[in-house]
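So the structure is just underneath, and the comments pick up after that.
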Amino acid sequence: MGRLKGKVAIVGIGEVPTGRFPDRAAIFHAVESARLAIKDAGINKDLIDFVMPTAALYSPQFNTELVTCRIAEELGLRNAKTNCQIFAGGSSGSCFLKLGGSIIETGIANYVLCVHADRLGTGVTAQGGIDLFSTAGISAEWEVPFGQHYSAIAGLTTTRYKYETGCTDEQLAAVCVSNRKWAELNPNAFFRKPLTIEEVLASKMLSTPLRAKQSNMLFDGGSALIITSAERAAEITEKPVYLLGESGRVTHFVFSQEPDLTRFGWAEAAKEAFGEAGITPNDVDVAEIYDSYPIYQVIGMEELGFCRRGEAGEMYLKGDTWPGGRLPTTTNGGMLSQGHTGAGGGVALLVEAVRQLMGKAGQRQAPDAKIAVETGTGGTYMDAQVTILGTVIP
Amino acid sequence: MDRPKKPAPIVNDWARPFWEAARQGKLTIQQCKDCKKPIFYPRLCCPHCFSEDIHWIEASGKATVYSYTVVENNAPSAFIADMPYVVAVVRLEEGVQMLSNIVGCDPYEVKCDMPVQVTFEKLDEEFTLPKFKPI
């Protein structure tokens, strides 16, 4: 049983645009995101007593800077007691809240600054990115020798899911279109031009049935958030965003060991997270469902209980998930349209969930958003992390 | 331009018997002597009941395709020359899953739940990879 419901809150968020910035050192994305989060919280920087960066993949040198307190020094965080890296790949954002929240609730820290930054857009070449992601998180003994890589992984999931449910290529393309409609309204997104199903289905085949415009692309970027106790949050902001529920499941390391490639651990994690929050999927105003490839956004939607199995594709196609739809979904455009920044793809979704609940989402603001769900998964979809946030405590 | 060398498996000590057998054209998996469950990939102890009493058995080599994909573009450097190639998750009849390639057929003839049989492809003097072909 979770013990953090209503006890901790996010009080500030920061984000820099996702894109290709050859002239910006990676540390820019970290320091600027963190600075914006501190300003957004409206607190004195010297209240931050715990700095929690994720890992960066593009360079061991930069990653070591994150480990060895560069963010604290660059920002002059004089009262930082601890700088400690938290890394769970794409579920790092979800883990920020569990761990940062626990550190707050136990009194180890008062204000935790969580930061992600990476430079996968300009720090590695296109083929270098493919090669990096043919080894990162992929078993060097049991999968790398067979030409495994992330497009193939998405292809494997999609093939079996289509076989079992009858989901169509058009429905899967509709996920990309839905995310793009949100990205058109997101100044921090890289892809902002309208996209059609026809364009998605005409794009280059990567690993059947996955096409190029159904694949995320790697970019530079960063985002940050600040966690504190619910009591302090109520003092410094009118709209604290409370952690209401969380849970997760670890299901594999080696992708081919996943017992069900069409479900993963989402249903169990979601049942527990919704149970802790004391709500059902019907109560959710905004769903920030982890994408990276459309199939995972479809499976996430269904396994969380927003529709029956095999029906999510139709929700994306009909517009339920679009701006103005009944369930605004992945409203920053996701990794498919905002862009994939490594662990940051998941952190950006968490930041977007908070942004929507704070009412700061500008043109893409979901009306009267009080409850949001965010999902994250790392590696080769090795885990299923579900987080529920709200401005009210049910 | 030289093609990058195919990546060889980075082997754990307790998996060496698997690769030794594969070099001799045999597909082996582990089985727990206590709970009797089949185990793949090789483990130090049984992932089901934590028993240390595990032994090696030869698998029949019969499997079905659980899922597959044909890699047509954007392969890792060492595999670009192989495109199009099939990556598949197969389910051995003993009840374990593994990743492999489907070979010996038109890549576009591969289907889910299709029966396949192990075949061995020599990678180098040290390693032979178990792959699968349609029956």
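Per-structure values
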| quantity | calculated |
| --- | --- |
| Efficiency of FRET from Cβ geometry, B:Lys33 and B:Asn73, R₀ 41 Å, rounded to 0.05 | 0.30 |
| Neighbouring partner chain Cβ atoms per residue of B:86-92, average, 10 Å criterion | 5 |
| Ranking by accessible area, most exposed first, for B:Ile57, A:Ile279 with a 1.4 Å probe | B:Ile57, A:Ile279 |
| Rounded to 10°, Cα long-axis angle of helix A:344-358 versus longest principal axis of chain A | 60 |
| Rounded accessible area of A:Arg211 (nearest 10 Å², 1.4 Å probe) | 60 |
| Loop chymotrypsin sites (Phe, Trp or Tyr not before Pro), region B:31-92 (other Cβ atoms within 10 Å of the site Cβ: 14 or fewer; DSSP) | B:Phe50 |
| By accessible area with a 1.4 Å probe, ligands and nucleic acids excluded, highest first: order of B:Ser77, A:Ser292 | B:Ser77, A:Ser292 |
| Per-pair calculated FRET efficiency, R0 = 41 Å: A:Ser102 and A:Lys239 via Cβ, rounded to 0.05 | 0.95 |
| Sites matching GluC sites (Glu not before Pro) across region B:1-100 that sit in DSSP coil, with at most 12 neighbouring C-beta atoms within 10 Å | B:Glu52 |
| Dipole in debye (nearest 20) - chain B, about Cα centre, beta carbon charges: Lys, Arg +1; Asp, Glu -1 | 140 |
| Cα-based helix-to-principal-axis angle, A:266-277 vs chain A, degrees rounded to 10 | 30 |
| Loss of accessible area when A meets B, both sides summed, Å² nearest 100, probe 1.4 Å | 3200 |
| Nearest-10 value in Å² for the accessible area of A:Tyr150, using the 1.4 Å probe | 30 |
| Counting DSSP beta bridges with both ends in the protein assembly as shown, the antiparallel % (nearest 5) | 85 |
| Two-site FRET efficiency, B:Glu126 against B:Leu44, from Cβ-Cβ distance with R₀ of 30 Å, rounded to 0.05 | 0.85 |
| Degrees separating the helix A:26-41 axis from the principal Cα axis of chain A, which is the longest one | 60 |
| Cut-off 9 Å between beta-carbons: net charge of the residues surrounding A:Ala269, Lys and Arg +1, Asp and Glu -1 | -3 |
| Accessible heavy-atom area order of A:Glu276, A:Glu246, highest first, probe of 1.4 Å | A:Glu246, A:Glu276 |
| Rounded to the nearest 10 Å², the accessible area of A:Ser215 at probe 1.4 Å | 20 |
| Per-residue mean of C-beta atoms belonging to partner chains within 10 Å, peptide B:104-116 | 1 |
| Extended-chain gain in nm, criterion 0.36 nm per residue less alpha-carbon gap, A:Glu314 and A:Gln61 | 86.6 nm |
| Net lengthening on full extension, B:Trp56/B:Val103 (0.36 nm per residue, minus Cα-Cα) | 14.3 nm |
| The protein assembly as shown - accessible surface per residue (Å², probe 1.4 Å) | 38 |
| Rounded to the nearest 20 debye, dipole of chain A from Cβ charges on Lys, Arg, Asp, Glu | 500 |
| Theoretical ellipticity at 222 nm over the protein assembly as shown - DSSP helices of four or more residues, -39500 (n - 2.57) apiece, nearest 500 | -8500 deg cm²/dmol |
| Averaged over B:35-46, number of beta-carbon atoms from partner chains that fall within 10 Å | 1 |
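The values are calculated or read from the model by the stated rules, or taken from the named source; none is laboratory data. Keep in mind it's a predicted model, so treat the numbers as computed, not measured. Cβ sites come from the backbone with ideal geometry, for glycine too, and all protein chains shown count toward neighbours. Note: accessible area is taken over every heavy atom of the protein model, side chains too, but ligands, DNA and RNA are not part of it. Shrake-Rupley method; radii C 1.70, N 1.55, O 1.52, S 1.80 Å.
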